1. Report, by chain and number, residues whose modeled amide H sits under 5 Å from the one on Asp414, excluding near sequence neighbours (fewer than 5 apart, same chain).
2. If amide H atoms are built 1.01 Å from N in the plane of the peptide, which residues on other chains or at least 5 residues away come under 5 Å of the amide H of Asn321?
3. Distance between the C-alpha centers of the range 351-395 and the range 301-326? Whole Å please.
4. Given the whole protein assembly as supplied and a 1.4 Å probe, what does the accessible area of Lys53 come to in Å², nearest 10?
5. Once you charge only the Cβ atoms, +1 for Lys and Arg and -1 for Asp and Glu, what is the size of the charge dipole of the range 343-409 about its Cα centre, to the nearest 20 debye?
6. Across the range 216-225, in residue order, what do the Karplus-derived ³J(HN,Hα) couplings come to in whole Hz, using 6.51 cos²θ - 1.76 cosθ + 1.60 with θ = phi - 60° and x for Gly and Pro?
7. Could you order Asp249, Asp302, Asp426 by accessible surface area, starting with the largest, using a probe radius of 1.4 Å?
8. Measure up Lys313/Lys444; Lys339/Lys444; Lys304/Lys335; Lys215/Lys444 against 24 Å on the Cα-Cα distance and list the ones that go over.
Amino acid sequence: MNQELPVVALIGRPNVGKSSIFNRLLRSSKALTHDVPGVTRDRIYGEVRRGAKPYALVDTGGLEPESNEDIKQAVLSQAREALQESTLVLMVVDGREGLNALDEQVVELLRTANKPVLLIVNKVDGAEKEDLFTADFHQFGFPLFAVSAAHGYGLNHLRETIVDRLPTSTVVEDAPQDVSTMEQREQGDEGDPEDGASKIGGLRLALLGRPNVGKSSLINALIGYHRVIVSNEAGTTRDSVDVTWQAGDKAYTLVDTAGVRKRTRIQDSLERFSVLKSLRSSKKAQITLLVLDAVEGLTGQDKKLFSFLDREKTPLIAVINKIDLIPRNSLNALKKQFKDELSFAGHVPLVFTSTMTRAGLGGLLPLAERTWDQCQTRISTGQLNRILGDATQKHQPAVVNRRRAKFFYVTQSDVSPPTFVFFVNDPELVKPAYSRYLENQIRKRFNLNLTPLQLYFRSSHDQNRK
């Protein structure tokens, strides 16, 4: 989040439509929405950059201030953080359900915060229903707006009012007029892939893994404060949460994602949506940190996730967490076991960490930077063809059905990951073992020991050279 922007916070009890309004104001689908209460738990940020007054918008979890449950108190703590940094508060209520005792508790919380508040009565589908659905809420004395996040009713007026209430000192003359920054990201409009790490928020790292392996704890340990909720309850994180912060002269965005479990253990549609969003967040990040549990070892689900990311050529670092729980005399054997079991993707670095002792954390971000740098490598066609000539002279392809693959030339077609196209007389003659041999030759010559590589084999257009 841009720390210079004013913050507009969405606050309210569970299931009143805060995340739907958040998505509408951003014009994106950044926040996960579902009929089940309590989907949002951590606070989620986006930037609205329409018109002359950009602002940061923050979605918060549904509040139950008087609950004693640990997870609900953690959600309340997240909302208090959002309130403290906010310039303007949007309190959201449900017009269809009418006034609720929890709404009154939220109002009391807002009055102690002493921040300007707009009361948003959601689920009002048209002007003819405004009087009926808003009648109970005038008693709070806040400026009131009837909207429908589902159908768009009243949202343009709300957008204009938010901008009018923002401080005039935030005027930005050259702000984009057509689309928010976060909308561009959600639509995948990242521009040139080589420029990905220079976007707002810096290098983007998605943390992926099974529930309760320590993804949220890892984020808190890296940034040095309690930003995302940590709980022993599996599945605490349900939505993807972006955490952007500055480390020295470099910016990073860490994306906390919902835990990915076996399909047979995914119990409801909310969890399926969470898992799908986790995988999508991984695809949109520059680097994925696959977090594994040192105590539980490499599970079948871990191997499936690792293999999936490897097949997708995802820039990847395996983070084996909780090594503080491993006896010191067993640690070397544990490291060897993980290295042996993951040796089929030898380019993926393994980092052994502890969020309690901070072991391994210091080198994680520099390693991510080096991995991303390698992902951007470009090699000239001349260099590639010299390597190809040396490789085929040193070790020829095997004969298949009395025919041998004949290579004409190779060129690089893309980066992120580096992608190479080999033109041959018949791609069917190039077997996986020889493809791995050519990949290893490129890795060795250009010291590409961290990035995935993509190799394609195509028939040459020069049929006369067969």
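1. Sorted by chain and number, the residues that satisfy this are Thr419.
2. Here Leu292, Asp293, Ala294, Thr353 satisfy the definition.
3. Their Cα centres are 17 Å away from one another.
4. The accessible area of Lys53 comes to roughly 30 Å².
5. The dipole of the range 343-409 has a size of about 500 debye.
6. 5, 4, 5, 4, 4, 5, 5, 8, x, 7
7. The residues order as Asp249, Asp426, Asp302, largest area first.
8. Numbers: Lys313/Lys444 18 Å; Lys339/Lys444 20 Å; Lys304/Lys335 20 Å; Lys215/Lys444 33 Å.
Distance filter (> 24 Å) returns Lys215/Lys444.
The values are calculated or read from the model by the stated rules, or taken from the named source; none is laboratory data. Everything quoted here is computed from the prediction, not taken from an experiment. Note that we place each Cβ from the backbone using ideal geometry, even for glycine, and neighbour counts take in every protein chain shown. Surface accessibility is based on the protein's heavy atoms, side chains included, excluding ligands, DNA and RNA. Shrake-Rupley method; radii C 1.70, N 1.55, O 1.52, S 1.80 Å.
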